[in-house]
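First up is the structure itself, then whatever we jot down about it.
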Amino acid sequence: MKILIHQTRATATDCAAALIADRLTRQPDTVLGLATGGTMESVYANLIARHQVGGVSFARATSFNLDEYVGLQADHPCSYWHYMREKLFDHVDMDPHRAFLPKGDAADAEAEAARYEAAILAAGDIGLQLLGLGLNGHIGFNEPTSSLASLTRIKTLTQSTRDANARYFERTDDVPRLAITIGIGTILRAQEVVLLAYGAEKAGVVAQMIEGAVSAACPATALQMHRKVTVVLDEDAASDLALRNYYEQVHPRVSDPSI
Ligand code: GLP
């Protein structure tokens, strides 16, 4: 794992966005794996700003999002499809016919999950997978005890994940109990992975992901099995790392020039 520690979340965000922009510049027809969540909002805002000054084009890219809530139609204000349109797709030159999310309102959610996995395979698998990190170690909606070889399927969300995502809904009870998520095995097939985490509340799970034993109890530890993972952190999220000095020796900490 390549561990990049930034002084602030602003430069960490810029770094994650730059990794995506660089990949699209090198390979415009990249298959992107996209994520949702609070962490990604500033990454997408950064990519929109780059796009507006001609710094990045999505015109030839394909994208597959990690997950979607079961039961929500695409136009539901809390669906991840709605999030992606609002935070990214409506503001860049992405071809909407090549931007995919699982269909949360499919009549047969299991069949939809299998179809989505097949579509990722047919696209040649994900080139660059962007990931956030759940407080309980989930990636996508692969909750603790997910098989580390799992493919796209339906997962029951933990109460902690439903609580963490309740801020997007009117009431916690409105947060769906099920989601379709691409699997850990699907993520491990990506050519490269960029995971972004910031804030002190993620410090414990970040340390577990990087330095803990590989275990389904913390699904993000599966990334230790991947050949090309870049973990981008701010200082707060890096604060529990036992080998932090070593990581900073390999890749010196990035200062924020605005401070
Ligand atoms: C959700 C998403 C994950 C995301 C996680 C972290 O559960 N399904 O893909 O990584 O939230 O979210 P945040 O960035 O808001 O902490």
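Structural remarks
- Counting the residues of the range 144-168 that are in a loop (DSSP other than H, G, I, E, B), near the ligand (Cβ under 9 Å from one of its atoms) and touching a residue at least 24 places away in the same chain (Cβ under 8 Å) gives 0.
- Strands (runs of 3 or more DSSP E) wholly inside the range 1-74 containing at least 1 residues that are polar (S, T, N, Q), under 17 Å from residue 131 (Cβ atoms) and open to solvent by less than 10 Å² (accessible area, probe 1.4 Å): 62-65
- The set of residues in the range 32-71 being more than 19 Å from residue 21 (Cβ to Cβ) and either of a type in the set (Gly, Ala, Ser) or modelled with pLDDT under 95 (or both) consists of 37, 38, 71.
- Complete set of residues in the range 100-132 that are farther than 24 Å from residue 61 by Cα and open to solvent by less than 40 Å² (accessible area, probe 1.4 Å): 106, 109
- Number of the exception - residue 41 against (1) over 17 Å from residue 179 (Cβ atoms); (2) more than 16 Å from the ligand (Cβ to nearest atom); (3) touching a residue at least 24 places away in the same chain (Cβ under 8 Å): (2)
- Candidates 138, 82, 91, filtered to the one that is open to solvent by 40 Å² or more (accessible area, probe 1.4 Å) and within 16 Å of the ligand (Cβ to nearest atom): 82
- Reported count of residues in the range 204-259, each being over 12 Å from residue 1 (Cβ atoms), among the basic types (Lys, Arg) and part of a loop (DSSP other than H, G, I, E, B), is 1.
- On inspection, residue 174 does not qualify as away from the ligand (no atom under 13 Å from the Cβ) and open to solvent by less than 40 Å² (accessible area, probe 1.4 Å).
- Identity of the residue in the range 183-203, more than 18 Å from residue 158 (Cβ to Cβ) and assigned to a loop (DSSP other than H, G, I, E, B), that ends up farthest from the ligand (Cβ to nearest atom): 191
The values are calculated or read from the model by the stated rules, or taken from the named source; none is laboratory data. Here the structure is a predicted model, which means the values were calculated and not measured. Glycine gets a Cβ as well: all are built from the backbone with ideal geometry, and neighbour counts include every protein chain shown. Keep in mind that these areas ignore ligands, DNA and RNA; they rest on the heavy atoms of the full protein, side chains included. Shrake-Rupley method; radii C 1.70, N 1.55, O 1.52, S 1.80 Å.
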